[in-house]
Amino acid sequence: GSCLKFEDISFTFPSNSQPALTNVSFQINKGTTTALVGPSGSGKSTLADLIIRFYDPDKGSIKVDGVDLREFQINSWRNSIAMVSQDNFLFHASVKENIAYGYPNATDEEIIEAAKKAYAYEFIQNLPDRFETIVGNRGTKLSGGQRQRIAIARAILRNPDLLILDEATSALDTNSEKIVQKAIEEVSRARTVIVIAHRLSTVEKANNIIVLCNGKIVEQGTHNELIEKKAEYWSLY
Ligand code: ADP
Ligand code: ADP
């Protein structure tokens, strides 16, 4: 099948002396879920930023089916990706409009149905009026967790070829996180997904887990393989 291939990637931010990534090579097969795990500052978000082409690598290349990302038209490449990052980047618009961005030409009922299907979106189910709430920096009545859920719903409903979730459930309580994770797993089945996480326990079901430390890959494999190799990974993350 087709794949996204990272070939010997190195990248240093112009303001830093230490590289953010050093000689990183791995492959993501289409339709699989890959987790990037590692301590804060290990280079996980930088990898996501290279995929979305906020930056290009100093050395090495990222290839889709053998073609360098730099040869793609940047907007069409970005349009095939949905990324949920820690700061959600919701639009200053209503909840409905934010979600509808992923679902053009849909009626309110269709948007609500789609959001419910995507996962148990309890504040929409119980409070349809919240649908009209403006998501903004000032005067917003939405919590960080609610904002995260809107961002996740929007990303899922855009039906992207590649879904990148960068600590996308960090503001959710354990119970909501479980509900959202279940929904993500459901939509992930036939989709290429990259999940960035601190803890191994949240990415048990990933097809491949890449462990990063100081910008280098220190280990990779399935959850069981990592646990067998090094029991201490459990306590690390
Ligand atoms: P992680 O996502 O694993 O927490 P990052 O990819 O954000 O790690 O960071 C990797 C390294 O790059 C860190 O040393 C971090 O300080 C540095 N870094 C990240 N973003 C920037 C930036 N915009 N400018 C300069 N340095 C950065
Ligand atoms: P435009 O609507 O002109 O495309 P945007 O600021 O909405 O401008 O988006 C810029 C690019 O980023 C577009 O390619 C869009 O598909 C993508 N984009 C916007 N929001 C997200 C998101 N949450 N996740 C992934 N991609 C996004």
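Looking only at segment 8-58, which residues are part of a loop (DSSP other than H, G, I, E, B) and either touching a His at 6+ places or on another chain (Cβ under 9 Å) or within 14 Å of ASN208 (Cα to Cα) (or both)?
Within segment 8-58, LYS30, GLY31, THR32, GLY38, PRO39, SER40 meet the criteria.
Give me a count of the residues in segment 151-172 that are over 10 Å from MET83 (Cα atoms) and surrounded by fewer than 24 Cβ atoms within 10 Å (Cβ to Cβ).
9
Could you grab me the full set of residues in segment 204-231 that are part of a helix (DSSP H, G or I) and among the β-branched types (Val, Ile, Thr)?
Across segment 204-231, the qualifying residue is only ILE227.
Contact list please: Cβ distance under 7 Å, first residue in segment 72-96 and over 14 Å from PHE54 (Cβ atoms), second residue within 16 Å of ligand 1 (Cβ to nearest atom), pairs at least six apart or on different chains.
From residues that are over 14 Å from PHE54 (Cβ atoms), the pairs are VAL84/LEU165; VAL84/ASP166; VAL84/ALA168; GLN86/ASP166; GLN86/GLU167; GLN86/SER170.
Got at least one residue in segment 72-80 being of a type outside the set (A, V, I, L, M), away from ligand 1 (no atom under 15 Å from the Cβ) and touching a strand residue (DSSP E or B) at 6+ places or on another chain (Cβ under 8 Å)?
The answer is yes, given that some residue of segment 72-80 is of a type outside the set (A, V, I, L, M), away from ligand 1 (no atom under 15 Å from the Cβ) and touching a strand residue (DSSP E or B) at 6+ places or on another chain (Cβ under 8 Å).
Pairs needed: first member in segment 168-184, free of Cβ contacts under 8 Å to residues at least 60 places away in the same chain; second member anywhere, among the basic types (Lys, Arg) and open to solvent by 80 Å² or more (accessible area, probe 1.4 Å); C-beta distance under 9 Å; at least 6 residues apart or different chains.
Hits for this filter: LEU172/LYS178; GLN181/LYS205.
Just a yes or no: is a residue in segment 143-165 at pLDDT 80 or above and acidic (Asp, Glu)?
Yes: segment 143-165 contains one or more residues that are at pLDDT 80 or above and acidic (Asp, Glu).
Test GLU7 against the criterion of being open to solvent by 30 Å² or more (accessible area, probe 1.4 Å) and out of contact with any strand residue (DSSP E or B) (no Cβ under 7 Å at 6 or more places or on another chain), and give yes or no.
Answer is no for this residue.
Restricting to segment 155-180, and then to whatever is in a loop (DSSP other than H, G, I, E, B) and among the acidic types (Asp, Glu), can you tell me which residue is nearest to ligand 2 (Cβ to nearest atom)?
Here the answer is ASP161.
The values are calculated or read from the model by the stated rules, or taken from the named source; none is laboratory data. Predicted, not measured: the structure shown is a model, and the values here were computed from it. Backbone-built Cβ (ideal geometry, glycine too); neighbour counts: all protein chains shown. Remember, those area values only see protein heavy atoms, side chains included, never the ligands or the DNA or RNA. Shrake-Rupley method; radii C 1.70, N 1.55, O 1.52, S 1.80 Å.
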